[in-house]
Every structure is written in C-alpha cells, then in structure tokens.
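Novice: Here you go, one structure.
Since every read-out is calculated from the coordinates, none of them should be taken as a lab result. The shown structure was predicted, so the numbers you read here are calculated from the model rather than taken from an experiment. Positions of Cβ are generated from backbone atoms using ideal geometry, with glycine treated the same way; all protein chains shown enter the neighbour counts.
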Amino acid sequence: MNVTRTLATARRVLRQLGHDPRTIALLLLVPCLLLLLLRWVFDSDPRAFDSIGASLLGIFPLVTMFLVTSIATLRERTSGTLERLLSMPLGKADLVVGYALAFGLVAVVQAGLVTGLSIWGLDLDFAGSPWLLLVIALLDTLLGTALGLFVSAFAASEFQAVQFMPAVIFPQLLLCGLFTPRDTMQPVLEAMSNVLPMSYAVDGMNEVLRHADVTGDFVRDVCVVAGSGLLVLVLGAATLRRRTA
Amino acid sequence: MMNKTEGPAVRARGLTVVRGKRTVLDGLDFDVPRGQVTGLLGPSGCGKSTLMRAIAGTQAQVTGSLDVLGGPAGSASLRSRVGYCTQAPSVYDDLTVRQNLDYFAAVLRLRARGTVDRVLADVDLADHADSLAGNLSGGQRSRVSLATALLGAPELLVLDEPTVGLDPVLRRDLWDLFHRLARGTAGDGTGGTTLLISSHVMDEAERCDRLLLMRSGRVLADDTPAALHDRTGTGTVEAAFLRLVEAANDMEAPR
Ligand SMILES: Nc1ncnc2c1ncn2[C@@H]1O[C@H](COP(=O)(O)OP(=O)(O)OP(=O)(O)O)[C@@H](O)[C@H]1O
Ligand SMILES: [Mg+2]
C-alpha cells in the first residue's frame, strides 16, 4: 500500500461525487427526512421512537454506503478504468482503502447530520455520548463499503447490483432486532442474527441509547462491526483481479 | 537483472490464449523490435485486442512464453514502463479531462507540473481540459484515453485502435506524434519509444515500420510494408492484406 496513491484515489472519488451534487444531496438529506417521517409516525409513542430511531442510526450508513460502493465499483469495472488502473502501478489496497476513506468522509457528514437532528431536533433520548454514535456510524460505513465492494464482483450489470441490496441487506434488516428483540426470536433465527454484522451495529446503537458509560457489550459490538468490516474489505480486495478473461 | 536495452521489446513464443471455450490466440511466435512503430492488422475478431491485453498483462489464461521489455508480461516492474490504451475509452465520465489525467499521473507518481499539459497538447485537447469527459464527443473521449497512456513517457506503448473515429488531420498529427515518440524526439526527450498499434485504416498501416498481420488467432505475415508489397506483388498494404487473408481463407475452405 502506498499513501500517495491511496489519498489520490480518495480525492478522485470525492471529485467524482463533487460533480454530482444531486447524489450528495440524496446521501445527506434522505436519512434526515426518513427520521423526520419516523418521528411523526411515532408521534403518540416517543419511547418507541427512541429505540427504532437509534437502530436506524446504525442502519442508514451501512445501507447507503453499500449501495453507493457497489454501483461505483461496478461502474469502475464496466467502464474499463479498473482494468486500466490494475495495469498501472496501483495496489489493490490503494484502491479499496481510497474508496473507504472517501465514503467514510461522506458518512461522517451524514452521521453528523442525522445524529444532530435526532438529538436536538427530534428529542431522541440518549443516555450515552453522541461521539460513540459517530464511532459506530463510521464503522458501519466501513462495513457497508466493504460489502458493496465485495458483491460488485458478482454483479455483471447495474440491474444485478441493485438486486444484491434486497439479497444482502434485507435479511440483516429483518434479523437485526429492529422488528423484534433478537433474544425473543426462534433459536435458528437468533443464531443467524448472531452471525450477521448489522445486528451488532444496531445493538451498539442501543447500548449508547441506554447506558451513560461505555459498556462491555458496546466494546464487543464495535469490535465485531470493525472486524467484519475489515474481513469483508480484504475479501473484496481479493476479488479484484489484475488479469481477467 | 532484467535486460533493459537489448533484445526485442516483445518476444512471443507459442503464445496461446483461451477465452471462454475458444482458443483465441493459437501458438503465436513473433518479435516486436524496439524503437519502431509496429502495426497490428487483421480482420475483426482475429484476436488483436486479446494480444494487446496479454502484452499489457490484463489477459487471463495466457500460456506459452511472452516477454515484454526483458521480463515476463504483466510483472509488477512493467506496470509503469508499459502504457496501454484500451479499444473502448477508459476514462471517468464524471471527472474533467484534467482531473482524469491528474489522477492517473498521481497513480504513476509523476510530480512534474507540465506532464499533464504536455499530453493534453499531444492529443490536441488543451482547450477542453476543464470539460467533463462525459460531455466530450466520441473522438475527444478516446483522445483522453490515449493521453492517459502517454503519461510518464512509457518505454512501450500498446495502443488499441487509437485513431478510430478521428478526422484525417488529427490522425495525421497523431501518427506524426507516434513517429516522433519512436525516434525519441517527442515527450520528455528520453530514448525511442516502442509502439504497437492496432488499426483498420490501411493508409495508417503504410506509415508503420513493421506490420504484424493476423487472422483467426494466428500470424499471417510479419514484415515491413515494402516487403509485403513485394511478396504479394501488390502496390498497397490494403491489396496485400486482402490477398493474404483471401489466400488463407481459400486454404481453409471445404473442398
Ligand atoms: N470476454 C470474452 N470472452 C470470451 N471470448 C471473447 C471475449 N472477448 C473477446 N472474445 C473472443 O475473442 C476473439 C478475439 O477478440 P478480440 O477482441 O481480440 O478481436 P479483435 O481482433 O480485437 O477485433 P476488433 O478488430 O473487432 O476489435 C473473438 O472471437 C471474440 O469473440
Ligand atoms: Mg479489438
């Protein structure tokens, strides 16, 4: 890995986004509007909003970065720029980490906006520090970016790439504890939810919601999300082939 | 140590490439001499792009031996010494021309200020440096792609139909540039570049120092344009090309 090339890649990805203000607006505003909508939906039951809102803070960065990365890498593959880059002295890690850095920066802004809105605008009642929320949101971005990069290797077209969203994200959404607490699920489903990384992102958010201090469970959740993010990132880098058929 | 200045730029022996279930290149033997412009000609689908991908090190399933600039094709040390321009332009449509080149220059770790301006001037795109690549015409986009390959003055340039869709004036200017590069009088003035250029345009073929004529994954002829005229008793490369390809077709036709 080479720092100059990694930073150049991150800057290039950000410049691409810079020419696409509508995507930036969608990335930043849609999560805020969705939270606003959710607050309205739970108008009569603000405590239920606390728990679901906190979970969503863990889910938004993962889902948006998954979508953005899978399409961005797929475009890189189909436009021939990936082939060009890999025939040049660019390390696979330079590319992967460059993407993660660029989208991580976008995610910081997104998470900052969403967290700020929920705490000060929507009275989401957190016991813990907002900084801990930001930590999980960032690790979620890493995970989303890594998953997007990984699945884009198995998609031959944009059509296929967007279909990976229901295939990869929805099962995690259903099992992450957003709809029913994970420990009340049927044992097989609970076991499945125990191996899906989004469960830990959501658990982590709920730990911050309930506890003023950093709990042992929170540390475990953070480690699981970070670890699985790194693992999938390595797998994603391994799907980049310098030689193709 | 790799032999840097002696021997051919590309040396292929028994070069075979399988794509899907097809044997696309079938036991090729040829050399590409250094410091010359070698043209790669052949009917559509004969394997020109596949051969170029093999030389650039992006083609999988390559067997036989293929040495580039003294080392095996695709080895890490060649990645900054070989410039490769794909047939379909590979540029970021959502970046400006200059941003595209800035990024690829950073990947090559070129720091010199003038590098990007020089290649922009070479492909006559200085006026469009700040246009989005996606808003350019087809020929302009392919010139951005070509400019990328010229960055860093590589020792070997592998160009896949770089002049397709360009007007006669631009094509003449680019071929002048290719010959200046081969003579070592263009770019940053370092020694002669070796160029391997595929084309379907026959008057361009006349301007090559050597021609490699392919048909269905094999080499039909490997000679200078003049020698091809003599061998086939024709006055143009176009006629020689037709004669050789038709003779090969007849040999294969069912009795
Ligand atoms: N990705 C691929 N998978 C399988 N076969 C392929 C693939 N790409 C090309 N081929 C086959 O390989 C053969 C050679 O293709 P290639 O692109 O090298 O031809 P070409 O000489 O460059 O043609 P053109 O002049 O039209 O660009 C063709 O028969 C083509 O069908
Ligand atoms: Mg071709």
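Novice: Within 30 Å of residue A:17 (Cβ to Cβ), buried (at least 24 other Cβ atoms within 10 Å of the Cβ), in contact with a Ser or Thr (Cβ under 9 Å, 6 or more places away or on another chain) and within 9 Å of chain A (Cβ to nearest Cβ): does that describe residue B:56?
Specialist: yes
Novice: Within region B:20-49, restricting attention to residues that are of a type in the set (A, V, I, L, M) and more than 7 Å from ligand 1 (Cβ to nearest atom), which residue is farthest from residue B:219 (Cα to Cα)?
Specialist: B:37
Novice: How about region B:50-78: which of its residues are within 11 Å of ligand 2 (Cβ to nearest atom) and either aliphatic (A, V, I, L, M) or farther than 22 Å from residue A:91 by Cα (or both)?
Specialist: B:50, B:51, B:52
Novice: In region A:12-22, how many are assigned to a helix (DSSP H, G or I) and either exposed (fewer than 15 other Cβ atoms within 10 Å of the Cβ) or at the interface with another protein chain (Cβ under 9 Å from one of its Cβ atoms) (or both)?
Specialist: Residues flagged as assigned to a helix (DSSP H, G or I) and either exposed (fewer than 15 other Cβ atoms within 10 Å of the Cβ) or at the interface with another protein chain (Cβ under 9 Å from one of its Cβ atoms) (or both) within region A:12-22 amount to 7.
Novice: Could you list, in sequence order, all residues of region B:18-49 that are assigned to a strand (DSSP E or B), within 13 Å of ligand 2 (Cβ to nearest atom) and within 14 Å of chain A (Cβ to nearest Cβ)?
Specialist: The answer is B:19, B:24, B:25.
Novice: So which residues in region A:100-142 are of a type in the set (Ser, Thr, Tyr), within 21 Å of residue A:212 (Cβ to Cβ) and in contact with a Pro (Cβ under 7 Å, 6 or more places away or on another chain), if there are any at all?
Specialist: A:115
Novice: May I pose another question? Between residues in region B:152-181 that are more than 14 Å from chain A (Cβ to nearest Cβ) and residues that are β-branched (Val, Ile, Thr) and within 16 Å of ligand 2 (Cβ to nearest atom), which pairs lie under 6 Å by C-beta distance while being six or more apart or on different chains?
Specialist: Pairs that qualify, where the first residue is more than 14 Å from chain A (Cβ to nearest Cβ) and the partner is β-branched (Val, Ile, Thr) and within 16 Å of ligand 2 (Cβ to nearest atom), are B:171/B:163; B:174/B:163.
Novice: May I pose another question? What number of residues in region B:50-81 are within 16 Å of ligand 1 (Cβ to nearest atom) and assigned to a helix (DSSP H, G or I)?
Specialist: 7
Novice: Further question on the same structure: Does residue B:105 satisfy being more than 15 Å from ligand 1 (Cβ to nearest atom), within 13 Å of chain A (Cβ to nearest Cβ) and of a type in the set (A, V, I, L, M)?
Specialist: Here the answer is yes, as residue B:105 does meet what is asked.
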